Amino acid sequence: MTEETTAFANAMIFDGVSAGLREGCVRVAAGTIVEVGERPEAGDRVIDCRGRTVVPGLIDAHFHAYGARLSLMEIETSPLSYLALAGARRLAGALGRGFTSVRDPGGGDAGLARAIREGLTAAPRYLFCGAALSQTRSACRSIRRRKSALSPRRRPAAAVTWPPMPTRRRRSEWPWPTGYAPSSTGTCWTRRPPP
């Protein structure tokens, strides 16, 4: 039994190499482009693109499936079931925008990757790196202030940092360690260059 071939006919094709578009037909079998030609062959399932542009799949090399919110504290304290469903929705959205591969450098997990492999959700190829690795005083810094709100199994690696976090709230009162200065956003300390 042979795999059905789908032909995207009457398309303007961008191949990523040529300077311009060319009119033609893209034939796909088993999820792989087998030919870029002039017209479909007999027996092909034909999709008429009506002059629309066909491009190679896009790759997002920095995508956070579990980045449901901008607040790291809110993400860290959300139930995993919520993050998984929100992540599946974000991945489906990426696929709908033309991304056929995404790389998640921090936050995704093996469960989400398995669900995608098993076809439980529509998603691009998902390459995850596991938990985020970060230097101290990074974006994870705000999480440390409320680490008691986090369960021990979800506590980030950046919960213990050096130098110790100031306990006072007003920035003007923070006791900056020798050789360090606040960043412009106040979210981290940066090492001052030697005089």
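The values are calculated or read from the model by the stated rules, or taken from the named source; none is laboratory data. Everything numeric here is computed off the predicted structure, so don't read it as measured data. Don't worry about glycine lacking a Cβ; one is built from the backbone with ideal geometry, like all the others, and counts go over all protein chains shown.
Per-structure values
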item: Set Arg90, Arg69, Arg52: member being basic (Lys, Arg) and modelled with pLDDT under 90; result: Arg69
item: Criterion violated by Asp109 - all others in (1) at pLDDT below 90; (2) more than 17 Å from Pro124 (Cα to Cα); (3) of a type outside the set (Phe, Trp, Tyr) satisfied; result: (2)
item: Residues that are over 12 Å from Gly43 (Cα atoms) and aliphatic (A, V, I, L, M), drawn from the range 1-27; result: Met1, Ala9, Ala11, Met12, Ile13, Val17, Ala19, Leu21, Val26
item: Residue check for Phe128: modelled with pLDDT of 90 or more and either surrounded by 12 or more Cβ atoms within 10 Å (Cβ to Cβ) or more than 30 Å from Gly16 (Cβ to Cβ) (or both); result: no
item: Failed item in (1) surrounded by 13 or more Cβ atoms within 10 Å (Cβ to Cβ); (2) at pLDDT below 90, with Glu3 passing the rest; result: (1)
